[in-house]
Protein chains: 2
Amino acid sequence: MKELDKITPLEKDFAKWYTDVVKQGNLIAYGPLKGTLVFKPNSFGIWELIQKYLNEEFKQQGVQNVYLPLLIPERLFNKEKDHIEGFNPELATITQVGEAKLEEKVFVRPTSEVLFADLFKNSIESYKDLPIIYNQWANVVRWEKTTNPFLRSREFLWQEGHTCHNNAMEARQLTRTMISLYAKFLKNYLAIPVIVGKKTPKEKFAGACSTYTVEAMMKDGRALQAGTSHYLAQNFSKPFEITFKDENNNIQFAYQTSWGVSTRLLGAIIMTHGDNRGIIIPPRIAPTQIDILELFASKNPKVSEVAKQLVKDLGRIYRVRLDNSDKNPGFKASNSEIQGTPLRIEIGPRDLENNMVTIVRRDTLEKIVMPINQVKKEVKTLLNDIHNNLYITAKERLDKNIVAVDTYEEFVDQISKSKFVLAPFCCHDEEEEEIKAETGATTRCIPKSMERDEKMKPCITCHHVTKRFVIFARAY
Amino acid sequence: MKELDKITPLEKDFAKWYTDVVKQGNLIAYGPLKGTLVFKPNSFGIWELIQKYLNEEFKQQGVQNVYLPLLIPERLFNKEKDHIEGFNPELATITQVGEAKLEEKVFVRPTSEVLFADLFKNSIESYKDLPIIYNQWANVVRWEKTTNPFLRSREFLWQEGHTCHNNAMEARQLTRTMISLYAKFLKNYLAIPVIVGKKTPKEKFAGACSTYTVEAMMKDGRALQAGTSHYLAQNFSKPFEITFKDENNNIQFAYQTSWGVSTRLLGAIIMTHGDNRGIIIPPRIAPTQIDILELFASKNPKVSEVAKQLVKDLGRIYRVRLDNSDKNPGFKASNSEIQGTPLRIEIGPRDLENNMVTIVRRDTLEKIVMPINQVKKEVKTLLNDIHNNLYITAKERLDKNIVAVDTYEEFVDQISKSKFVLAPFCCHDEEEEEIKAETGATTRCIPKSMERDEKMKPCITCHHVTKRFVIFARAY
């Protein structure tokens, strides 16, 4: 069997810590092609639960799931100018089949706007056919130069919602509804607090009119874009001729949105909650919520009996895993911790003499010895506590590390301290690029509401007075 | 709104009937690349339910879900000779990214044996790490020349299970367990009866030692391979060096299996159960189990009230859809039928005068007028009845159309009558090819047990006495 290796302390080398955690936690293996990943049971299980619960949330919004092709002919992709310019350098391009050359290049989808546009063009006739609210769970390929497990890989998994509406207001409203849904979902299931806001013109999606984002703060102070929602206006419906007859029988172009979250969320979970023992998985999306460990089972047959009964009782309600192997107790405990299971129950001969077992919380590492007959009730409370504790800890860190500044000097100083910096900024593309080159920071979003004493301030770069306050940070 | 078009009668032109059904039933749209498909809500919904229920069955067998990369470097694919030879002509090949040429060709996976082999090679050390029983739900690409929705397309969705064992017997046993699981699943969820058997050497999977199959009979008498399970022996573990240390510390090569079902199943559902009004979806995997239709709602406000209450009551247990549009009753009924919803409930002012509603079965088209307060109880019975009726009808057709023959003349005659033909056959590759060229029939399987009077017979082509009895049919 593979031994558990040591994890580099996160205070010492955060990047190395992250790589150790993903490799050790039964989360990934590297694919044979550079920059590709194997999602092992412990990470794919999280993704399956994210799918399940997001599908439930989507259903409340009238979302219907569909599946569109992986392959896009070149002519289709080239129809929207900004879009092809934004994606072209990363497009995996199929030029032959077996030994035979193709007449037209075929791209592996990096996103599916053009495919949905083609579908909508052929399915809509009247305003009565609208809205259409579709979503797909799919893999996409973007040939990134530098890669990092979950955060930036050449293939990733995501959901992409695509909608069509007969008026701009409804489409704009849906764009905002979806970003709020993501923010709530991240809080309620992943225990991740976020800042909701709008992207600057430079950072918006290639082809969108406006992009909303949810930005999370990792333990090293960097930002991670955890989900986006785009108002596409008629930017795709015009070149793709997605039209409908309105109530007066006039032909109009449809209004569109798209929105998505991806397997980046797995990276966000690790870097929001993880510690020097590995990943900590929030209970609601943990593939295994409770590890039940038999300790010294050979010394007392009751150990296995009690374990079996607990697996049966708790397994009705929770996702439970039994470790009845002959490994030593220390290995079993470490193995549960490194895989991030929120709770473990240790059943050993000594506790059993008093009809007790020991429950250990993964977040606080607190050990609680309790009577067997209280376990069921206590588990429910503990799992909720763990979720809340993870969320509150992350929320406090986020709040503490947002700093408002007035000048570029202050800005540079705070960015160097790994803060989220809120600054008055006019959002000129060139100045954003200069700031990135000088400090490594990018604009994360124009937050929906963020307390500042004044309504207007001089921009930190061009010094014109502005009412735009923008969050900057170094980001993944 | 799109009008419902006519469906070609299946007796007149089965192929045209099939194409009409898939287009009309809110099932597919054609993708922009020839041979690719859009799975619309009504077909993707079936696939989601197949995933859900198969996952539950898999869990009983200790299967763990994972996700492996889409992209395979050429060098990896070339390691198993039969495998690359079998798949090479269909491989979508990426040679460039943006405008930059790649140094090594990259294939889009047509199946993932080599990816799993690479993963297993790096994850197994000892016999204690075995068995590994992994499954993935994924898209695969095979560049087929002639395509047909669901049945043969350039991209399809499937699950592929891949396992590693420390002995041949366990691996062989799992191969058989999975094919039995598929047969039961097809019966219990899709209402499709199958013949379970082994593929002839010519028809087995490229790289397998032996292949088991479940073969279904479509309404036109053709066979459809609905699922396969392969015993790979050490055919991949040797070239890929998947080894483990056995109990005596000797290095051994692992024994492997792989098994899968795909979105072909959607084609099987259509061609097993469909009629001249369209698809009939078996209730357990129907995305909508009950359509509730408001008829002449403007004439009596009670129509909408009762509909709303039924949606609420039935929606707790079943997948229910409400049609409260202003379309006419005939359109609403046809629309429900063409989408294959197993039951529809029509709520109209006349029935309501006596506190009655009308339930219509999609399979028999029988109309049942009943008191509102009996609906809930009756729906349960009816949905079960529909499942059983679909299965029994299909099973009777299958049984009636299997014919045993002794000579090649009889064989040719029965194949021309679209039968499944059971014949003594020695399974020489060349003779299989000749039969296919002459009659269009291929070997479907060597069935596990099939009643024949004699134990041995002369082969229909080479006339040597054999105990092999093989099912032939024209197939999709």
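The values are calculated or read from the model by the stated rules, or taken from the named source; none is laboratory data. Bear in mind that the values here come from a model prediction, so they are computed numbers and not experimental data. For neighbour counting, all protein chains shown are included, and Cβ atoms are generated from backbone atoms with ideal geometry for every residue, glycine included. For the accessible areas, the whole protein counts, side chains as well, though only heavy atoms, and no ligand, DNA or RNA atoms are used. Shrake-Rupley method; radii C 1.70, N 1.55, O 1.52, S 1.80 Å.
With respect to B:VAL412, determine if the residue is within 17 Å of B:ARG474 (Cα to Cα), of a type in the set (Val, Ile, Thr) and either free of Cβ contacts under 8 Å to residues at least 24 places away in the same chain or assigned by the TED database to the domain that holds B:ILE368 (or both). Spelling it out, it is not the case that B:VAL412 is within 17 Å of B:ARG474 (Cα to Cα), of a type in the set (Val, Ile, Thr) and either free of Cβ contacts under 8 Å to residues at least 24 places away in the same chain or assigned by the TED database to the domain that holds B:ILE368 (or both).
Looking at A:GLN136, A:GLN173 in this structure, which one is out of contact with any Lys or Arg (no Cβ under 8 Å at 6 or more places or on another chain), assigned to a helix (DSSP H, G or I) and modelled with pLDDT of 95 or more? Steps first, please.
Working: A:GLN136 fails: assigned to a helix (DSSP H, G or I).
Of the residues listed, the single one that is out of contact with any Lys or Arg (no Cβ under 8 Å at 6 or more places or on another chain), assigned to a helix (DSSP H, G or I) and modelled with pLDDT of 95 or more is A:GLN173.
Residues in region B:271-311 that are open to solvent by 50 Å² or more (accessible area, probe 1.4 Å) and under 33 Å from the mean Cα position of the chain (by Cα): B:ASN276, B:ARG277, B:ARG284. Scanning region B:139-155 for residues that are farther than 19 Å from A:ASN139 by Cα and in a strand (DSSP E or B), we see that the one that is least open to solvent (accessible area, probe 1.4 Å) is B:ASN148.
The numbered conditions (1) touching a residue at least 24 places away in the same chain (Cβ under 8 Å); (2) facing chain B (nearest Cβ under 7 Å); (3) not in a strand (DSSP E or B) are all true for A:ILE50 except (2). When A:CYS459, A:CYS427 are screened for being open to solvent by less than 80 Å² (accessible area, probe 1.4 Å), at positive phi and in contact (Cβ under 8 Å) with a residue 12 or more places away in the chain, only A:CYS427 passes. Confirm whether B:GLU104 is among the charged types (D, E, K, R) and open to solvent by 10 Å² or more (accessible area, probe 1.4 Å). In short, yes. Looking across A:GLY35, A:GLY45, one residue alone is at the interface with chain B (Cβ under 10 Å from one of its Cβ atoms) and more than 23 Å from A:ARG319 (Cβ to Cβ). It is A:GLY35.
When residues of region A:247-263 are filtered for being in contact with a helix residue (DSSP H, G or I) (Cβ under 7 Å, 6 or more places away or on another chain), more than 30 Å from A:ILE46 (Cα to Cα) and open to solvent by less than 80 Å² (accessible area, probe 1.4 Å), how many remain?
Going through region A:247-263 one residue at a time, the tally reaches 3.
The residues of region A:66-93 that are open to solvent by less than 20 Å² (accessible area, probe 1.4 Å) and either assigned to a strand (DSSP E or B) or free of Cβ contacts under 8 Å to residues at least 24 places away in the same chain (or both), listed by number, are A:TYR67, A:LEU71, A:ILE72, A:PRO73, A:ALA92, A:THR93.
Taking region A:318-364 as the range and being free of Cβ contacts under 8 Å to residues at least 40 places away in the same chain and of a type in the set (A, V, I, L, M) as the test, the residues that pass are A:VAL320, A:LEU322, A:MET356, A:ILE359, A:VAL360.
For the structure I just gave you, tell me whether A:TYR182 is hydroxyl-bearing (Ser, Thr, Tyr), buried (at least 20 other Cβ atoms within 10 Å of the Cβ), within 12 Å of chain B (Cβ to nearest Cβ) and not in a loop (DSSP other than H, G, I, E, B). Answer is no for this residue. Within region A:79-116, the residues that satisfy the criterion of being within 10 Å of another protein chain (Cβ to nearest Cβ), aliphatic (A, V, I, L, M) and under 31 Å from the mean Cα position of the chain (by Cα) are A:LEU91, A:ALA92, A:ILE94, A:VAL106, A:VAL108, A:VAL114, A:LEU115.
Restrict the check to region B:145-159 and report whether at least one residue is within 14 Å of another protein chain (Cβ to nearest Cβ) and of a type in the set (Asp, Glu). Yes, region B:145-159 contains at least one residue that is within 14 Å of another protein chain (Cβ to nearest Cβ) and of a type in the set (Asp, Glu). Note on region A:23-32: residues that are small (Gly, Ala, Ser), in a loop (DSSP other than H, G, I, E, B) and at the interface with chain B (Cβ under 7 Å from one of its Cβ atoms) total 1.
Note on region B:1-36: residues that are surrounded by fewer than 18 Cβ atoms within 10 Å (Cβ to Cβ) and among the hydroxyl-bearing types (Ser, Thr, Tyr) total 2. Within region A:368-379, the only residue that satisfies the criterion of being within 31 Å of the chain's Cα centre (by Cα) and free of Cβ contacts under 8 Å to residues at least 60 places away in the same chain is A:GLU378.
Out of B:ALA191, B:ALA206, report the one residue that is closer than 29 Å to B:SER334 by Cβ and touching a His at 6+ places or on another chain (Cβ under 6 Å).
B:ALA191
Can you tell me how many residues in region A:156-170 are open to solvent by less than 10 Å² (accessible area, probe 1.4 Å) and either assigned to a loop (DSSP other than H, G, I, E, B) or more than 17 Å from A:TYR182 (Cβ to Cβ) (or both)? Selection size over region A:156-170: 2. Just one of the numbered conditions (1) buried (at least 17 other Cβ atoms within 10 Å of the Cβ); (2) out of contact with any strand residue (DSSP E or B) (no Cβ under 9 Å at 6 or more places or on another chain) is not true of A:PHE39: (2).
So that you can scan it fast, the table gives a plain yes or no per residue for (1) open to solvent by 40 Å² or more (accessible area, probe 1.4 Å); (2) in contact with a strand residue (DSSP E or B) (Cβ under 9 Å, 6 or more places away or on another chain); (3) farther than 22 Å from A:THR288 by Cα:
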position: A:ASN355; (1), (2), (3): yes, yes, yes
position: A:THR358; (1), (2), (3): no, yes, no
position: A:ARG361; (1), (2), (3): no, yes, no
position: A:THR364; (1), (2), (3): yes, no, no
position: A:VAL369; (1), (2), (3): yes, yes, no
position: A:LYS380; (1), (2), (3): yes, no, no
position: A:ASN401; (1), (2), (3): no, yes, yes
position: A:TYR408; (1), (2), (3): yes, yes, yes
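Contact map, region A:245-272: residues that are on the phi < 0 side of the Ramachandran plot paired with residues that are open to solvent by 10 Å² or more (accessible area, probe 1.4 Å) and of a type in the set (Gly, Ala, Ser), Cβ distance under 6 Å, separation 6+ or inter-chain. Pairs shown: A:LYS245/A:SER126; A:TYR255/A:ALA168. Scanning region A:119-129 for residues that are open to solvent by 30 Å² or more (accessible area, probe 1.4 Å) and either touching a residue at least 40 places away in the same chain (Cβ under 8 Å) or more than 9 Å from chain B (Cβ to nearest Cβ) (or both) returns A:LYS121, A:GLU125, A:TYR127, A:ASP129. So for region B:320-328 (the condition being in a helix (DSSP H, G or I) and either at pLDDT 95 or above or among the β-branched types (Val, Ile, Thr) (or both)), does at least one residue qualify? Checking region B:320-328: not a single residue is in a helix (DSSP H, G or I) and either at pLDDT 95 or above or among the β-branched types (Val, Ile, Thr) (or both). Being more than 15 Å from B:TYR255 (Cα to Cα) and at the interface with chain A (Cβ under 8 Å from one of its Cβ atoms) is a property that B:ASN139 has.
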